Ligand code: C5P
């Protein structure tokens with residue numbers, strides 16, 4: 001772990017998968033401005049990795065009394081589109097966990113400012129926690145990259161700071177950070193309602209093979225929902241066919257049942273996405289669907305080699321294509 005001051009202390013690493021929506025039904029706009037959803041979440045084998053470390057006098061940082069004051073720093077390799085300060089969801093997750101666990105004075109040290117001013121941290125006086133984030137999930141692609149990082153921070157810091165909060169508590173802390181965070185804390189396959197935060201695990205047999213197609217221009221989730229308000233109507237399409245295909249390990253049925261009510265809204269904002277989706281089907285995919293609010297498109301194939309063939313056929317249309325499988329478990333923790 002990179003750091004500039006103090007002795008290296010305990011360390012925890014978490015690998016957290018991306019999420020996809022196999023079904024996303026929008027039931028209408030709610031009084032609080034969010035939209036009422038019925039969605040089937042599943043984790044996908046693209047991962048972010050978060051390493052959290054504690055720097056300070058041995059043992060001090062994990063003592064409940066010492067946890068009352070903590071400094072926090074963040075590094076990431078996600079480029080300019082990933083927030084580097086308090087607006088990063090992993091930092092917000094650290095703050096939420098800190099509040100819940102009694103870290104009453106959590107000071108975020110902006111890395112860019114700190115680099116100019118070092119050495120400014122006296123680890124003997126105030127321990128600090130370093131978050132080191134490696135992005136593998138497409139940024140702003142509709143695959144819950146930011147939410148996965150928040151979930152990773154909740155799980156990793158719960159361990160590092162010895163907070164001993166259970167997953168249900170982490171899940172409800174996550175709901176305040178973003179609609180996808182509770183699912184990212186749990187992983188697997190789940191049916192979600194409400195804002196997307198009320199979860200029930202569902203049975204999924206087997207493994208499904210996907211082509212993940214990312215485009216250069218990100219899409220804002222809020223903007224896609226606003227386009228849905230302007231152009232779409234609530235409906236009552238049900239996820240039963242998706243749930244049955246998952247139970248039956250039936251890729252062909254799943255391909256036919258994939259459904260996302262945000263697609264027409266995203267296609268209004270990015271008409272080329274509709275053409276790309278058609279090209280994925282022409283290339284032999286069993287089904288294709290916008291991932292969440294997009295702009296990532298997902299194509300389902302019967303096998304890994306089938307997915308690779310579809311990926312080859314459409315590669316020139318996208319900034320990047322990769323092959324991945326689902327489901328991909330949940331956050332996995334390794335102590336350093
Ligand atoms: O919850 P999250 O911060 O991820 O949501 C981002 C934006 O997406 C919200 O500000 C809202 O505009 C929209 N959204 C929504 N209904 C949901 C989830 C998200 O309108 N169920």
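Taken across the stretch 139-157, residues that are modelled with pLDDT of 95 or more and surrounded by fewer than 20 Cβ atoms within 10 Å (Cβ to Cβ) do not occur at all. Take the conditions surrounded by fewer than 20 Cβ atoms within 10 Å (Cβ to Cβ) and free of Cβ contacts under 8 Å to residues at least 12 places away in the same chain and apply them to residue 271. Does it pass? Here the answer is yes, as residue 271 does meet what is asked. All of 314, 323, 224, 310 fail the test of being surrounded by 16 or more Cβ atoms within 10 Å (Cβ to Cβ), modelled with pLDDT of 95 or more and closer than 14 Å to residue 208 by Cα, apart from 323.
Among all residues of the stretch 282-289, there is at least one that is within 18 Å of residue 321 (Cβ to Cβ), away from the ligand (no atom under 16 Å from the Cβ), under 22 Å from the mean Cα position of the chain (by Cα) and crowded, with 21+ Cβ neighbours inside 10 Å.
Looking across the stretch 267-292, the residues that are touching a strand residue (DSSP E or B) at 6+ places or on another chain (Cβ under 9 Å), farther than 15 Å from residue 315 by Cα and part of a loop (DSSP other than H, G, I, E, B) come down to 286, 291, 292.
When 264, 218 are screened for being outside any helix (DSSP H, G or I), more than 28 Å from residue 203 (Cα to Cα) and either at pLDDT below 95 or not assigned by TED's automatic domain parsing to the domain that holds residue 38 (or both), only 218 passes. So for the stretch 228-238 (the condition being away from the ligand (no atom under 15 Å from the Cβ) and crowded, with 20+ Cβ neighbours inside 10 Å), does at least one residue qualify? Within the stretch 228-238, none of the residues are away from the ligand (no atom under 15 Å from the Cβ) and crowded, with 20+ Cβ neighbours inside 10 Å. Filtered by the rule that a residue be in a helix (DSSP H, G or I) and either out of contact with any strand residue (DSSP E or B) (no Cβ under 6 Å at 6 or more places or on another chain) or closer than 20 Å to residue 275 by Cβ (or both), the stretch 302-316 gives 305, 306, 309, 310, 311, 312, 313, 314, 315, 316.
When each of 249, 236 is tested for being closer than 19 Å to residue 201 by Cβ and outside any helix (DSSP H, G or I), the lone residue that passes is 249. Give the number of residues within the stretch 88-134 that are part of a loop (DSSP other than H, G, I, E, B) and either touching a helix residue (DSSP H, G or I) at 6+ places or on another chain (Cβ under 7 Å) or modelled with pLDDT under 95 (or both). Count: 15.
Taken together, the residues in the stretch 156-203 that are away from the ligand (no atom under 16 Å from the Cβ), part of a strand (DSSP E or B) and without any contact (Cβ under 8 Å) to a residue 60 or more places away in the chain amount to 2. Of the residues contained in the stretch 71-87, none is found to be at pLDDT below 90, touching a strand residue (DSSP E or B) at 6+ places or on another chain (Cβ under 9 Å) and either in a helix (DSSP H, G or I) or on the phi > 0 side of the Ramachandran plot (or both).
The values are calculated or read from the model by the stated rules, or taken from the named source; none is laboratory data. As the structure is a computational prediction, the values presented were derived from the model and not from experiment. Cβ coordinates were reconstructed from backbone atoms using ideal geometry, including for glycine residues, and neighbour counts include every protein chain displayed.
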